Structure formats: C-alpha cells, structure tokens
Amino acid sequence: MGLLKTEGIVTKTTKYSETSLIVTVITRDFGKISAIANNVRSSKSHMLMGLQLFSFSEIVFYESRSKTGLYKLNEMSVIESFGNIRNDLEKLAYASYFAEVANSAVSEDNPDEEILRLLLNTLFALDRDLCPKNKIKTVFEWRIAAMSGYEPDVEACVKCGCVQGDMLLCFSEGEVFCESCGGEKTDCGRVSEGMRRIIKYICEAESKRIFSFDANDAAIEYLGLLGERYIQRQFDKKFSTLDYLKKVLSAGM
C-alpha cells in the first residue's frame, strides 16, 4: 500500500464516528478527493491544524482506498491556515460559498490546477482584505465559470453581430442578444458595454491580475447578482451556502 503526496485546500469536513472526520480536499495532483482522517478529533492530533476548513496543506494519504471507498489520510502539514477567515462570520460565509462552488467544479481524481489556484488566490484576498468582499465574490463567480468551460460570449449579439449598447445575457445559453434580437428571451440579465468588458476581463485576464480593474460599487454588486444566477444555471445546481451568505449579510446590515 503506497503513499501519495500533494498539496490541497480543505473544502469540507464531516464528522465520522466519535473520533474521526471525512474530509474533502481539492488537491494539486489528484483533483478532488474524499478521505477519512482517523482519531483526529482531539487536541492532541498532529493533523488537527491541517484539517481545519479552508487550510492549504501538504497532504500524505494512502494510495489504496478503504472499504468505504475513501482514501485514508496519513499526514497533513499546514502551509497557509487562513485563520482570519474562520474568525469573521462574513468571511466564513463567503469562503463556504466559494468552497461549495469549487467542489462542484472539480471532479473526483481529476486534477484542475487552475481552479485550485483560483480558490487559493480568492481565499488569500478574502483573508487579507485585499479588496471588497463583494468584488472578490463577483470575480470568483465569473472566473470559475470560464475555467469550467462556461465562459459567456459577451462581445456581440449572437444573431445580428451588433456590438454597441445594452445587451441581454442569456444565462442558459451563455450568449448576449441585442434588444431587437432578444426581446422575447427569458432568464436573462441586462448588461451594458462596460459590464460586458468587465466580464470579459475577469474571464480572460492573467491569474495574478483578475482583481485589477476599476468599477463602481453598484456595477460590482449587479455583476455579482448576475454571476450567481449564471453559475447556478450553468452548473445546474442551487448552492445552499449562497443562501446562508445572504442571510449573514442581511443580518449584518
């Protein structure tokens, strides 16, 4: 029974028996994995810090799976704990949403280093307050849509080729229509030329520059609302953590 070594972000933990946890980790080399960590629900466990939600850790696990179908964790050493996130309710709610979306985007045993890097950069920005939380959310939503193969075509009306003025972005088709061509479309959001440029920038910019654009708060907030609807439609999934995030934000108003 061989050992495998990689790095990854803990995106979900579930209690398993009185002493153990089932852990979901998005890894650099093996995609999303589910593993059991035995005898770790104790302050004496050497893996305790690495098992904390959102921790980025070096991971060692057994190559062969157990009878439960889960890998077995052997070691976890923290590289970055993102402790500021777990100590702030709003940040925790945002990070939980990002983790759930990332879990939907990455397949079991199918590595996607770009999405791992996006999640890592997003958590870093959130933990360090590098920019407003709603901007981090908006960037994450559109970027992960693009990385998952759902980048919207926002350059021109898909029917007539018009490039000017407001357009209707169809959430199900991932394309934009001018007023004349898309007047009867449903499940759409209106986007201005400026908003279309922002969406395109987020989807296509270098990884280290995805937050480096200027937009007013109203535009960021609106694009975030569109981003929510877009990824839920494209992923065909309702994210429970988004509902929780909205409740936390409403309570804090």
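Out of the residues in the stretch 193-207 that are free of Cβ contacts under 8 Å to residues at least 60 places away in the same chain and within 20 Å of the chain's Cα centre (by Cα), which is surrounded by the most Cβ atoms within 10 Å (Cβ to Cβ)?
Out of the qualifying residues, it is 199.
Search the stretch 83-106 for residues that are in contact (Cβ under 8 Å) with a residue 24 or more places away in the chain and more than 13 Å from residue 129 (Cβ to Cβ) and pair each with any residue that is in a helix (DSSP H, G or I) and among the acidic types (Asp, Glu) when their beta-carbon atoms are under 8 Å apart and the residues are at least 6 apart or on different chains.
83/127; 101/141
Which of the residues belonging to the stretch 228-248 are free of Cβ contacts under 8 Å to residues at least 60 places away in the same chain and not in a helix (DSSP H, G or I)?
Answer for the stretch 228-248, where residues must be free of Cβ contacts under 8 Å to residues at least 60 places away in the same chain and not in a helix (DSSP H, G or I): 236, 238.
Looking at residue 82, is it in contact with a Leu (Cβ under 7 Å, 6 or more places away or on another chain), farther than 23 Å from residue 145 by Cβ and either modelled with pLDDT of 90 or more or among the basic types (Lys, Arg) (or both)?
Against the criterion (in contact with a Leu (Cβ under 7 Å, 6 or more places away or on another chain), farther than 23 Å from residue 145 by Cβ and either modelled with pLDDT of 90 or more or among the basic types (Lys, Arg) (or both)), residue 82 qualifies.
Being charged (D, E, K, R), surrounded by fewer than 17 Cβ atoms within 10 Å (Cβ to Cβ) and over 16 Å from residue 51 (Cα atoms) is the filter; apply it to the stretch 68-106 and report the residue that is farthest from the chain's Cα centre (by Cα).
My answer is 88.
Going through the stretch 17-40 one residue at a time, which ones are assigned to a strand (DSSP E or B), within 20 Å of residue 103 (Cα to Cα) and not hydrophobic (A, V, I, L, M, F, W, C)?
24, 27, 31, 32, 34
From the residues in the stretch 41-78 that are acidic (Asp, Glu) and in a strand (DSSP E or B), which one is modelled with the lowest pLDDT?
Result: 75.
The values are calculated or read from the model by the stated rules, or taken from the named source; none is laboratory data. Everything numeric in this text was worked out from a predicted model, so none of it was measured. Reconstructed Cβ throughout: ideal geometry from the backbone, glycine too, with neighbour counts over all protein chains shown.
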